[in-house]
Amino acid sequence: MAEEKKFDPFRPSQPSIPGIPERPATQHADKPPAPVSFDALAERRTKPARPSSATWAILILAAAVITCGGLWYWNSTFAPSHAANAPETTAAVPAMPALQATSREAKSPPLERGLPVGPGVIATTEELPKPWSAKRFLFRGPLSAEPLPAMVVRLPDSQYWGFSLQEPFGSCELEYMTDLAKIASDYNFHATHPMLGDPCTHAVYDLARYGQSGPDGSLVRGAIIQGTGTRPPFAIEIRVRGNQVSAVRME
C-alpha cells in the first residue's frame, strides 16, 4: 500500500496545469548565506586586491615601452654625435694688429698711498715755499666716495689754487709740468711758466689765466690755450690758516 503524502501546511502542493509536466519538488531549500563578521569586513577594506595575471602582463609591457623610449631619447639628445669624434679643423684667424694704448683709463696712474685726503688739511705753507710750488693730495668728491687725485699750486701772487687732476667729464689724469722743454716736446707748445696738460687730448691749461667754466659765463682758473676740452679743471676751494693749507670743497 502506497504511503500517503503527508500534508505540510508550510509547503503546499503545486497546482496541476494540463499539458505542463509537473516539476519535481526540491528536496532541500537553499540555505541563506552565512553572515559576515566585522573582522572579515575590516580585512576586506584594508587588504588590497591582488592584481590578476593579465594586469601584470600589461604593467610589464608598459614598463618595457617606457624604458625603450627613454633610451632612444637619451641617445638622440645627449649622446655625442659621430662628427664630434672627427678631428677639429679650425680656420686660421689672422692676427689683429696691436692696438695702441689710447684708453683714458690706461693713462690714469693708480692713486698714490700716503697722500693727505681732503676735505681737511692737505699741506703746510713750508711745503709750498715759492711760486709754482705744488703738492698732490686726494679729495673725496661730492658724488663719489672714491678719492680723486688733486693738486694745490702756489701762484706767483701768493695765492693757493686747488684743482682736480681728473680730466673734466673724463677719466684721464692731467699732468702738472714744470719742465718747459717737456711742454714743447710733448705738446708742441712753447710756454714761459709751468702748465697743466692732458696726455689724452694734448690740451694745454694755463693756471695763470681764467677760462669759461660753463654756459652761464662763470670763470675759473685753467683756461684752455691749446687743443680741445670741455672746460678748465674742476676747482677746489683752498683756505690757509696759520701755516696749514686745507682743501674745503670742490665745485
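FYI, it's all coordinate maths here, none of it is from the lab. As the structure is a prediction and not an experimental result, all values here were calculated from the model. Here the Cβ is made from the backbone with ideal geometry for all residues, glycine too, and neighbour counts use every protein chain on show.
Could you tell me which of the residues T125, T201, T192, T178 is within 20 Å of E237 (Cβ to Cβ), out of contact with any helix residue (DSSP H, G or I) (no Cβ under 7 Å at 6 or more places or on another chain) and not hydrophobic (A, V, I, L, M, F, W, C)? Write out each step before concluding.
Details: T201 fails: within 20 Å of E237 (Cβ to Cβ); T192 fails: within 20 Å of E237 (Cβ to Cβ); T178 fails: within 20 Å of E237 (Cβ to Cβ).
Going through T125, T201, T192, T178 in turn, the sole match is T125.
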Inset, instruction - Return the total of residues in segment 198-214 being in contact (Cβ under 8 Å) with a residue 24 or more places away in the chain, among the hydroxyl-bearing types (S, T, Y) and surrounded by fewer than 17 Cβ atoms within 10 Å (Cβ to Cβ). - result: 1
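Just the residues that are charged (D, E, K, R) and in a loop (DSSP other than H, G, I, E, B), please, taken from segment 121-148. Lay out the reasoning, then the answer.
Filtering segment 121-148 down to residues charged (D, E, K, R) leaves 126-127, 130, 135-136, 140, 146.
Of everything in segment 121-148, those that are charged (D, E, K, R) and in a loop (DSSP other than H, G, I, E, B) turn out to be K130, E146.
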